[in-house]
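Undergrad: Input: one structure, supplied below.
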Amino acid sequence: MPKTDQDQTDQDQTGLHHDEIDEADVPQSAIARNLGLIKLAAVIMGIMIIVLLAVIIGTIATRLSKMAEPPAEMTITLPANVELRSASGNDDGMTLVVEGPEGTQIWRMSPRGERKQTITVQQD
């Protein structure tokens, strides 16, 4: 039987026709053999990334919420020779009026008890 153009295109580099090659004899690449495991690993890694992002976002949100709320109890230690005259507070913090060696001062405090501003009161 004479060779046709189709027969010549079916012939590969080994000189054999594709019809003569049994697919079971062709070795598969490592990727093709392990494609199922590769897909499984990719799905597991994707799930792990999503879980890790959720943990990171949860941790950041928890820490930020703890930073925003003032402590339930607080002790403010006044320096020696300073006497507390008045105190008031609101959501922005506290205001203390103290009398010390420098005279009368107004201390503006943060909600956490840190001094933000000191105002010295002087008389003319």
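Undergrad: Applying the selection to segment 56-82, what residues are under 40 Å from the mean Cα position of the chain (by Cα), of a type in the set (A, V, I, L, M) and surrounded by 10 or more Cβ atoms within 10 Å (Cβ to Cβ)? Give the derivation first.
TA: Start the filter on segment 56-82 by keeping residues that are under 40 Å from the mean Cα position of the chain (by Cα), which leaves 56-78.
Subsequent filtering for residues that are of a type in the set (A, V, I, L, M) retains 56-57, 60-61, 64, 67-68, 72, 74, 76, 78.
Those that are under 40 Å from the mean Cα position of the chain (by Cα), of a type in the set (A, V, I, L, M) and surrounded by 10 or more Cβ atoms within 10 Å (Cβ to Cβ): 56, 57, 60, 61, 74, 76, 78.
Undergrad: Tell me which residues, restricted to segment 83-116, are at pLDDT 90 or above and acidic (Asp, Glu).
TA: Scanning segment 83-116 gives 83, 99.
Undergrad: Oh, and also: Among the residues of segment 83-108 satisfying the criterion of being exposed (fewer than 13 other Cβ atoms within 10 Å of the Cβ) and not in a strand (DSSP E or B), which is farthest from the chain's Cα centre (by Cα)?
TA: 101
Undergrad: Here is a further query. Can you name the number of the only condition in (1) loosely packed, with under 12 Cβ neighbours inside 10 Å; (2) touching a strand residue (DSSP E or B) at 6+ places or on another chain (Cβ under 6 Å) that residue 111 fails?
TA: Only one criterion is unmet by residue 111, namely (1).
Undergrad: Looking at (1) more than 16 Å from residue 114 (Cβ to Cβ); (2) surrounded by 10 or more Cβ atoms within 10 Å (Cβ to Cβ), which is the only condition residue 36 fails?
TA: Evaluating residue 36 over (1) more than 16 Å from residue 114 (Cβ to Cβ); (2) surrounded by 10 or more Cβ atoms within 10 Å (Cβ to Cβ) leaves (2) as the failure.
The values are calculated or read from the model by the stated rules, or taken from the named source; none is laboratory data. Model, not experiment: these values are computed from the prediction. Virtual Cβ from ideal backbone geometry, glycine too; neighbours counted across all protein chains shown.
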